[in-house]
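The values are calculated or read from the model by the stated rules, or taken from the named source; none is laboratory data. Only a predicted model underlies this, so the values are computations on that prediction, with no experimental measurement involved. No Cβ is skipped: glycine too gets one built from the backbone with ideal geometry, and neighbour counts run over all protein chains shown. Just the protein is used for accessible areas: all its heavy atoms, side chains included, with ligands, DNA and RNA removed. Shrake-Rupley method; radii C 1.70, N 1.55, O 1.52, S 1.80 Å.
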Amino acid sequence: MASTLGKSRCRSCGFEAPGGDDAWVRLDVPKLGRMTQCPDCGSTDVMTHR
């Protein structure tokens, strides 16, 4: 599991990239704040690690 240390992963499609990386899409959602979105499938169900 050391290979995923510091990475964020989309729970829908499995896309992985370092937490905070420019590969992730950032959404500003009123009343919710900033959310991370998967660039591959568009899901916001992302486990983030920074």
### Qualifying positions in segment 1-19 - open to solvent by 50 Å² or more (accessible area, probe 1.4 Å), assigned to a loop (DSSP other than H, G, I, E, B) and modelled with pLDDT under 95
Met1, Leu5
### Task
Residue by residue through segment 21-50, note down the ones that are open to solvent by 50 Å² or more (accessible area, probe 1.4 Å), touching a residue at least 24 places away in the same chain (Cβ under 8 Å) and within 8 Å of the chain's Cα centre (by Cα).
Asp45, Met47, Thr48
